[in-house]
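Below is one structure; the comments refer to it alone.
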Amino acid sequence: MNFSKSDIAKNISIKSLVSAGESKILLESFLSLIKSSSKNGPVKLSNFGTFSFKKTPKRLGRNPKTKDSYIIPMLNKLNFKPSNKIKENLN
């Protein structure tokens, strides 16, 4: 199941009785806070999980259609590790 930001914002507005515009602003500010705080170190949300940046090394990539090779540069990715309580709820 996939959720877009607008789906999440709609669910927030329905469950918390705030307008759709306010829920979008709330979601965007939460995500930007997580992204900016994760650059300084891991961000742990109790009973939910931990967000942290992970560096991926540069590697060789190939275009499957043309078989051309190219270098994929090193990237910083936002990584999420769920807490044990979330894992228990899923299983």
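The set of residues from region 45-91 being over 23 Å from Leu31 (Cα atoms) and basic (Lys, Arg) comprises Lys58, Arg59, Arg62, Lys65, Lys67. The set of residues in region 59-91 being within 24 Å of the chain's Cα centre (by Cα), assigned to a loop (DSSP other than H, G, I, E, B) and modelled with pLDDT under 95 consists of Ser83, Asn91. In this structure, is Ser32 touching a Leu at 6+ places or on another chain (Cβ under 7 Å) and without any contact (Cβ under 8 Å) to a residue 60 or more places away in the chain? So Ser32 fails the test. If you go through region 48-57 and keep only what is out of contact with any Leu (no Cβ under 7 Å at 6 or more places or on another chain) and either surrounded by 13 or more Cβ atoms within 10 Å (Cβ to Cβ) or modelled with pLDDT under 90 (or both), you end up with Gly49, Thr50, Ser52. The set of residues from region 21-46 being acidic (Asp, Glu) and surrounded by fewer than 13 Cβ atoms within 10 Å (Cβ to Cβ) comprises just one member, Glu28. Restricting attention to region 14-57 and to residues that are aromatic (Phe, Trp, Tyr) and in the same structural domain as Lys81 (by TED's automatic domain parsing), the residue that is nearest to Lys87 (Cα to Cα) turns out to be Phe48.
Which residue is modelled with the lowest pLDDT, if the candidates are limited to region 1-20 and must be exposed (fewer than 14 other Cβ atoms within 10 Å of the Cβ) and over 17 Å from the mean Cα position of the chain (by Cα)? The qualifying residue modelled with the lowest pLDDT is Leu17. Residue count for region 42-58, restricted to those that are assigned to a loop (DSSP other than H, G, I, E, B) and over 25 Å from Lys5 (Cβ atoms): 2.
The values are calculated or read from the model by the stated rules, or taken from the named source; none is laboratory data. Fair warning: this is a prediction, and the values are worked out from it, not measured in the lab. FYI the Cβ positions are ideal-geometry reconstructions off the backbone, even for glycines, and counts take in every protein chain you see.
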